[in-house]
Amino acid sequence: MNTFLKLYLITLTIFIMLISGCKNRNDRTPDRTSENKNPTTPLNKKINLLIITADTTRADHLACYGYKKIKTPNIDLLAKDGVLFKEAFSVQPVTLPAHSSIMTGLYPYHTGVRDNNIYKLPDKIDTIAEILSKRGYLTTAFIASFILNRRFGLDQGFKYYNDKFVKPQQEGRLPIERTAKELSYLAVKWFDTVKESLTKQPFFLWLHYYDPHAVYKPAVPFKDAYQNPYDGEIAYMDDWIGYVIDKLKKENLYNNTIIVFAGDHGESLGEHKEKTHGMFIYRSTTHIPLIIKFPENLYNGKVVDLRVSQTDIADTIFDILNIKNTLPIDGKTTIPLIKGLEKEDRTVYSEAFIPRTFNWSELKGVRHENYFYIDAPKSELYNINGGAIEKENIIEKEPQVAAELKIVIDKQLETEDKNSHKIAIDQQTEEQLKALGYFIGSGDNNTSKKHLKDPKDMIELFNAQQRAASHMDNGDYEAALEEYLQLTEQDPQNPRFLLDLADIYKQLHMDDKALETVLDVLIFDPENLSALLMAGSLYKKTGQLKGAEKIYTQLLLTDKNNYMALFSLSVINIKNRQWNAAKEYLEKALKIEKNPDLYNNLGLVEIKGFNNYEAGIEYIKMAVKLAKNKKPYQKSLNDALKHH
């Protein structure tokens with residue numbers, strides 16, 4: 001045996017030991033190879049549903065999709081026992097819109113959720129959880145990232161929506177995400193807790209894993225086993241998914257449970273000069289894994305080569321459960337594809353709206369037959385026959401095809417929901433989103449703006465901004481300042497660049513410069529929510545209450561239910577002893593969010609403004625009841641009672 005072969009075999013042995021070593025950790029249940037040989041009677045005979053969504057997971061980085069550099073035995077098991085869709089696509093390369101479409105079967109132009117951050121899935125739209133809850137299902141979700149916090153609307157229909165983190169991973173000061181380990185432990189504990197209930201009713205459990213999302217920091221032994229840390233994160237996630245599968249088998253629930261494993265979107269990993277995701281809709285960020293395991297492993301091992309969308313998941317579930325869905329839905333059941341009754345690729349739509357936060361053009365694309373067309377300032381057309389990646393733009397060679405596919409997109413968007421389903425956010429929420437790397441955009445749903453720059457032409461600036469933002473994350477504001485000044489010189493009407501620059505000035509205690517920079521944004525983008533909120537905050541901080549009042553009033557013209565504007569205006573009017581106005585703003589804010597500060601301030605207004613101690617004391621009592629830290633509100637109550 002030659003020296004090279006010896007070294008290869010030694011390396012391979014070490015690699016296998018590292019991969020398998022995860023099964024012998026002290027904090028895990030017994031090895032998976034010790035199957036439950038005497039299964040108990042099924043907890044219930046009805047069909048259960050488990051949806052596992054894997055954030056930022058590329059299909060072509062899973063072993064069952066042919067990737068040779070990774071071990072994903074548990075996802076592979078689902079593929080072996082279920083149906084694997086080779087050509088499934090995301091509606092958007094960002095988390096909230098993609099999950100909104102998975103849970104509703106609607107495209108983003110119908111959910112109204114076009115980006116992360118300030119959008120909320122409207123209450124009027126029914127979710128899988130709502131439909132199953134009405135049919136007696138115990139509905140529960142465990143969420144791994146703040147970006148799917150209940151305030152963004154995906155908690156609809158869930159009896160339990162666990163988005164509170166026990167041991168969060170923190171890049172900054174705030175809890176922002178949790179690991180697959182914590183998530184899977186909670187899921188297994190949940191099965192133990194509701195075991196009695198599951199003898200009487202079926203369950204729908206949604207598990208959202210976030211580990212493959214940047215920053216890639218896989219745990220040992222995956223950190224050492226994989227040269228590519230992104231792959232290490234996926235392998236780590238797979239291992240803990242196996243922990244949940246073990247539990248299903250132990251409780252004899254595996255066979256009568258539908259299991260859907262789906263990515264929300266992919267990751268560029270440097271393709272098309274994009275490091276992560278969100279800016280483009282090429283295959284690298286929109287091609288997703290989709291596996292559906294049927295009850296009793298029906299159709300096990302089947303591979304569907306035809307193209308589908310993640311909007312098809314909901315209707316497929318309803319079809320399996322024999323639920324006649326009369327609600328509007330964009331997706332279609334995949335069962336005709338599985339049975340071979342449907343033999344053509346489906347036309348699927350994808351979009352990207354993150355560019356709009358940079359004042360660049362959004363992208364809208366459609367995959368139809370053998371073509372992928374991207375509607376952009378510089379439109380693109382690719383031949384994607386056989387799952388080909390986007391290499392050669394053939395739009396000049398086949399302009400007629402591009403024109404026809406542009407009509408397809410325009411036709412789809414005829415029923416677009418152009419309302420901006422925004423959620424009022426507070427400063428803590430904004431900081432948590434920024435800690436995750438998300439920008440709080442203007443919430444612009446309007447797709448009619450012209451003459452915006454093509455993201456392809458701006459990707460180098462985007463990458464430079466990412467580098468500059470890393471200086472901010474590390475607290476090196478002087479270095480960040482230098483880079484952002486260069487960025488704003490190159491793209492002077494970029495709200496993202498200018499607002500980040502203003503944030504740097506704030507951190508450097510240069511509030512006047514910060515305010516000046518924010519006001520520059522409002523000159524060319526007067527309805528930018530982030531700019532309005534920051535301007536109001538800076539006016540207040542510098543004692544310019546008239547300026548703050550003007551800005552917050554302007555903000556309410558754009559977003560009449562903006563909590564921060566209402567609350568801030570109430571505070572300003574309290575300071576100005578304008579009691580009627582203060583009370584009006586506080587009452588409007590209470591309709592949006594009930595929190596102790598509002599009740600405490602209402603008590604203050606009633607007592608100081610109207611000498612109404614009875615009403616004031618009742619409000620302050622409510623503040624004490626709601627508060628986690630009761631001490632300041634109890635003091636307020638004691639003072640009121642003392643002077644009553």
Just to be sure I understand the filter: pairs with C-beta atoms under 9 Å, separated by 6 or more residues or on different chains, first member in the stretch 569-585 and within 15 Å of Tyr599 (Cα to Cα), second member outside any helix (DSSP H, G or I). Which pairs pass? Ala582/Asn576
Against the definition (touching a residue at least 12 places away in the same chain (Cβ under 8 Å), small (Gly, Ala, Ser) and within 20 Å of Phe146 (Cβ to Cβ)), how does Ala219 come out, yes or no? no
Pull up the stretch 79-114, narrow it to residues that are charged (D, E, K, R) and open to solvent by 10 Å² or more (accessible area, probe 1.4 Å), then point me to the one that is nearest to Gln310 (Cα to Cα). Glu87
For the stretch 610-626 the number of residues that are open to solvent by 100 Å² or more (accessible area, probe 1.4 Å) and among the polar types (S, T, N, Q) is 1
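Looking at the stretch 466-484, which of its residues are more than 10 Å from Asp500 (Cα to Cα) and not polar (S, T, N, Q)? Lay out the reasoning, then the answer.
Taking the stretch 466-484 as the starting set, the residues that turn out to be more than 10 Å from Asp500 (Cα to Cα) are 466-467, 470-471, 473-479, 482-483.
Residues satisfying the conditions are Arg467, His471, Asp473, Gly475, Asp476, Tyr477, Glu478, Ala479, Glu482, Glu483.
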When the residues of the stretch 443-468 are filtered to those that are modelled with pLDDT of 90 or more and basic (Lys, Arg), which remaining residue is farthest from Lys364 (Cα to Cα)? Arg467
Filter result for Ile125 (touching a residue at least 12 places away in the same chain (Cβ under 8 Å), surrounded by fewer than 23 Cβ atoms within 10 Å (Cβ to Cβ) and not small (Gly, Ala, Ser)): yes
Any residue that is under 29 Å from Lys378 (Cα atoms) and open to solvent by 20 Å² or more (accessible area, probe 1.4 Å) - is there at least one of those in the stretch 477-485? yes
Test for Glu267: is it at pLDDT 95 or above, charged (D, E, K, R) and open to solvent by less than 10 Å² (accessible area, probe 1.4 Å): yes
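Is it the case that the stretch 386-406 has a residue that's acidic (Asp, Glu), touching a strand residue (DSSP E or B) at 6+ places or on another chain (Cβ under 8 Å) and not in a loop (DSSP other than H, G, I, E, B)?
Narrowing the stretch 386-406 to residues acidic (Asp, Glu): 390, 392, 396, 398, 404.
Checking the rest, the ones that are also touching a strand residue (DSSP E or B) at 6+ places or on another chain (Cβ under 8 Å) come to 390, 392, 398.
Filter once more, so that each one left must be not in a loop (DSSP other than H, G, I, E, B): none.
No.
In contact with a helix residue (DSSP H, G or I) (Cβ under 6 Å, 6 or more places away or on another chain) and touching a residue at least 60 places away in the same chain (Cβ under 8 Å) - does that describe any residue in the stretch 337-345? Can you show your working first?
Quick first cut of the stretch 337-345, residues in contact with a helix residue (DSSP H, G or I) (Cβ under 6 Å, 6 or more places away or on another chain) only: 342.
When the remaining residues are screened for being touching a residue at least 60 places away in the same chain (Cβ under 8 Å), the result is none.
Checked the stretch 337-345: no residue is in contact with a helix residue (DSSP H, G or I) (Cβ under 6 Å, 6 or more places away or on another chain) and touching a residue at least 60 places away in the same chain (Cβ under 8 Å).
Which residues, counting only those in the stretch 627-644, are crowded, with 16+ Cβ neighbours inside 10 Å and either of a type outside the set (Gly, Ala, Ser) or within 17 Å of Glu606 (Cβ to Cβ) (or both)? Break it down stepwise before answering.
Taking the stretch 627-644 first, the residues crowded, with 16+ Cβ neighbours inside 10 Å are 627, 633, 636-637, 640.
Across the stretch 627-644, the qualifying residues are Tyr633, Ser636, Leu637, Ala640.
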Which of the numbered conditions does Asp525 fail, given that it passes all the others? Conditions: (1) closer than 17 Å to Leu487 by Cβ; (2) open to solvent by less than 10 Å² (accessible area, probe 1.4 Å). (2)
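Could we say that Ser133 is buried (at least 24 other Cβ atoms within 10 Å of the Cβ) and under 23 Å from Phe318 (Cα atoms) here? Talk me through it step by step, then tell me what you get.
On the way: buried (at least 24 other Cβ atoms within 10 Å of the Cβ): no; under 23 Å from Phe318 (Cα atoms): yes.
Taking the combined requirement at face value, the residue does not satisfy it.
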Whether any residue in the stretch 195-206 is open to solvent by 50 Å² or more (accessible area, probe 1.4 Å) and closer than 23 Å to Lys275 by Cα is what I want to check. no
Lone unmet requirement of (1) at pLDDT 95 or above; (2) open to solvent by 10 Å² or more (accessible area, probe 1.4 Å); (3) within 24 Å of Phe353 (Cα to Cα); (4) in contact with a Ser or Thr (Cβ under 9 Å, 6 or more places away or on another chain) for Phe497: (2)
Within the stretch 140-166, can you find the residues that are among the β-branched types (Val, Ile, Thr) and either closer than 15 Å to Tyr119 by Cα or open to solvent by 10 Å² or more (accessible area, probe 1.4 Å) (or both)? Ile147, Val166
What are the pairs with Cβ atoms under 7 angstrom where one residue, in the stretch 462-490, is assigned to a helix (DSSP H, G or I) and the other, located anywhere, is of a type in the set (Phe, Trp, Tyr) and crowded, with 16+ Cβ neighbours inside 10 Å? Sequence gap at least six, or different chains. Gln465/Phe497; Ala468/Tyr484; Tyr484/Phe497; Leu487/Phe497; Thr488/Phe497
Looking at the stretch 549-573 only, could you name the residues that are open to solvent by less than 30 Å² (accessible area, probe 1.4 Å) and within 23 Å of Lys608 (Cα to Cα)? Ala565, Leu566, Ser568, Leu569, Ser570, Ile572, Asn573
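Among the residues that make up the stretch 41-49, is at least one of them surrounded by 21 or more Cβ atoms within 10 Å (Cβ to Cβ), modelled with pLDDT of 50 or more and within 19 Å of Glu296 (Cβ to Cβ)? Break it down stepwise before answering.
Step one: list which residues in the stretch 41-49 are surrounded by 21 or more Cβ atoms within 10 Å (Cβ to Cβ), which gives 43, 48-49.
Now restrict to residues that are modelled with pLDDT of 50 or more: 48-49.
From what's left, within 19 Å of Glu296 (Cβ to Cβ): 48-49.
Within the stretch 41-49, one or more residues are surrounded by 21 or more Cβ atoms within 10 Å (Cβ to Cβ), modelled with pLDDT of 50 or more and within 19 Å of Glu296 (Cβ to Cβ).
Could you identify the single residue in Glu130, Glu87 that is within 20 Å of the chain's Cα centre (by Cα) and either at pLDDT 95 or above or closer than 30 Å to Lys195 by Cα (or both)?
On the way: Glu87 fails: within 20 Å of the chain's Cα centre (by Cα).
Exactly one of Glu130, Glu87 is within 20 Å of the chain's Cα centre (by Cα) and either at pLDDT 95 or above or closer than 30 Å to Lys195 by Cα (or both), namely Glu130.
The values are calculated or read from the model by the stated rules, or taken from the named source; none is laboratory data. None of these values were measured; they are calculated from a predicted model. Don't worry about glycine lacking a Cβ; one is built from the backbone with ideal geometry, like all the others, and counts go over all protein chains shown. Areas reflect the complete protein model, heavy atoms only, side chains present, ligands, DNA and RNA absent. Shrake-Rupley method; radii C 1.70, N 1.55, O 1.52, S 1.80 Å.
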